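Data first, discussion second: the structure below is written as structure tokens.
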Amino acid sequence: MKGCYINGISNISAQPTTVSTTFLEEIVGHKEVIIRAFDPDYKTFIKPAAMRRMSKSVKMGVVASKMALEAADIVMPDAIITGTGMGCRQDSERFLENVLHNDEQFLTPTLFIQSTHNTVGGQIALGLGCKGYNVTYVQGAVSFETSVIDAQLLLTESPEQHILVGAIDEIAKNSTKLDILNGQLKQGECDWLTILSSGTSGTICSEGATFMVLGAEQSNKSLAQIKAVTTINDATLDESKTAIETFIAAQGIVPDDIDAVIFGNNGDQDFDDYFHNLQTSIFKNTEQLCYKHLIGEYHTASAFAFWIGCEVFKHNTIPEVLKVNEVKAKQYNKILLYNQYRSRNHSIVLLERC
Amino acid sequence: MAELQLELKEKIIEQLSLEDVEVSEIGDNDPLFGDGLGLDSIDALELIVMLEKDYGIKLKDPKEGKLIFESIGVMAAYIEKNRTK
């Protein structure tokens, strides 16, 4: 493979990342456990006739994909690969409600059609008229990273292609609340900005979409190179640490060569030890960043770390709100991303400045 | 009949999520598909379900819908004649 370059990236999240041109200077603090993402002006991107059947995830995905394509100056991608942990939850929920309320009769087609996980990838392709490779990965908290790995493989076979890779997850009226009942989310209100030191179980939840355009050749649009991506289904504390050390060694570098690490801490005391274990050992002398106190947790939240990495390379600085230790890197050339969710779905990514 | 036509317009706007359309903008004889309201094949399926659920009319041949759903006026006349609830 020649390389895997991020040539455009966009993000919709619980922070105003689509309306602000600055790098997280404008931060919104949340109090509720479940928070919806900021809505961009969808009508400027989607025709009303096309938008009327779209749920939030479809609208977020379509708009984020258009923004990423515009940033990369690409009109038509050769392939569309999406990752989602839970897919179109809102339409799935409404479809099931109809099944219950109508005694399994009079089921309308729209909700059923749009309840599948690949709806977003399909709608983006329909809107663009893209007849190329179109695949959706549903792999829990590594759904997005799995999509990136597929894109890397595709670029190995067809280095001339421009691949649209995206992550989408939405919250739904009822099913997201189940995560409060089963202990995945915190009980009652909490201050998001101090959540990383909450000392309590569970996390906070939101939704979002991140899209990027990948290519094998570096261009004047290139924001970062994805040097390597790996995922691990299940790992103990020691296994995850060993996996990261092995991953770094495989790139021909040592931990001290990493300028900054972006961790996926989500304030859940039962599982943040996976991050603390690294933050106090192999990366104790490395600048550390966290982001889920800003955008919440969802299965594809880790895609936000790709966006942060690109922004760090672009602005050459790190906003205070992301920093979790006092170490300051001299430059930002190599950034490592590490995420896991409830001890499963570990992902390790190395981004490098172009 | 005028009451049923108004009811149909309101139901179509709500069930087909025509958020930017007002009842007053739908003429009784305006085509619902194509150049008129711009409905499509998925909307046709939604309307077939609506006929059965709200008016007890089960279309045996989906092709009938092409004639029945020509306009609000035609649709209302068909419902008036064939409704069972």
Scattering curve values for the stretch A:84-127, log₁₀ I(q)/I(0), Debye with Cα scatterers, q = 0.16, 0.29, 0.31 Å⁻¹: -0.43, -0.97, -1.04
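With a 10 Å radius around each residue's Cβ, average the other Cβ atoms per peptide and rank A:114-122, A:171-179, A:61-69, A:248-256, highest first. If you can, show how the numbers build up before the last one.
Values: A:114-122: 22.2, A:171-179: 16.1, A:61-69: 25.6, A:248-256: 13.3.
In decreasing order of mean packing, A:114-122, A:171-179, A:61-69, A:248-256 become A:61-69, A:114-122, A:171-179, A:248-256.
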Filter on A:66/A:314; A:31/A:334; A:31/A:314; A:43/B:9; A:2/A:241; A:59/B:11 - keep pairs with C-alpha separation over 22 Å: A:31/A:334; A:31/A:314; A:43/B:9; A:2/A:241; A:59/B:11
Share of Cα-Cα pairs in chain B lying beyond 21 Å, as whole percent: 19 percent
Under 18 Å from residue A:177, Cα to Cα: aspartates and glutamates that are on another chain or at least 8 residues apart: A:32, A:91, A:93, A:97, A:169, A:189, A:207, A:268, A:297
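Are there trypsin sites (Lys or Arg not before Pro) in the stretch A:296-333 that DSSP marks as loop and that have at most 16 other Cβ atoms within 10 Å, and which are they?
Numbers: sites: A:314, A:323, A:328, A:330; in loops: A:328, A:330.
Passing sites in the stretch A:296-333 are A:328, A:330.
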Percent of Cα pairs exceeding the 21 Å cut-off, where the set is the stretch A:5-215: 57 percent
Binned Cα-Cα distances of the stretch A:213-354, short to long, each 10 Å bin given as a whole percent: 11, 46, 36, 7, 0
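Using a 1.4 Å probe and counting only protein heavy atoms, arrange A:97, A:189 so the residue with the most accessible area comes first.
Working: A:97 50, A:189 140 Å².
The ranking, largest first, comes out as A:189, A:97.
Counting Lys and Arg as +1 and Asp and Glu as -1, what is the net charge of the other residues whose Cβ lies under 11 Å from the Cβ of residue A:16? Kindly include the intermediate steps, with their values, before the conclusion.
Working: positive: none; negative: A:25, A:26, A:39.
Within the 11 Å Cβ shell, the charges total -3.
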Normalised contact order of chain A, rounded percent, pairs of Cα under 8 Å and 6 or more residues apart: 25 percent
Rounded Å value of the spacing that divides the Cα centres of the stretch A:1-48 and the stretch B:15-57: 35 Å
Fraction of accessible area attributable to carbon and sulfur, the stretch B:2-82 (%, probe 1.4 Å): 49 percent
For residue A:101, solvent-accessible area (1.4 Å; no DNA, RNA or ligand), Å²: 140 Å²
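Probe of 1.4 angstrom, ligands and nucleic acids ignored: what's the accessible area per residue over chain B, in square angstrom? Before the final figure, lay out the partial values.
Numbers: 4990 Å² over 85 residues.
On a per-residue basis, chain B sits at 59 Å².
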For the stretch A:137-196 versus the stretch A:254-322, the gap between their alpha-carbon centres in whole angstrom: 16 Å
Shape parameters for chain A, alpha-carbon atoms, Rg then Dmax in Å: 19.4, 64
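The values are calculated or read from the model by the stated rules, or taken from the named source; none is laboratory data. Quantities reported herein were computed from a predicted structural model and do not represent experimental measurements. Here the Cβ is made from the backbone with ideal geometry for all residues, glycine too, and neighbour counts use every protein chain on show. Keep in mind that these areas ignore ligands, DNA and RNA; they rest on the heavy atoms of the full protein, side chains included. Shrake-Rupley method; radii C 1.70, N 1.55, O 1.52, S 1.80 Å.
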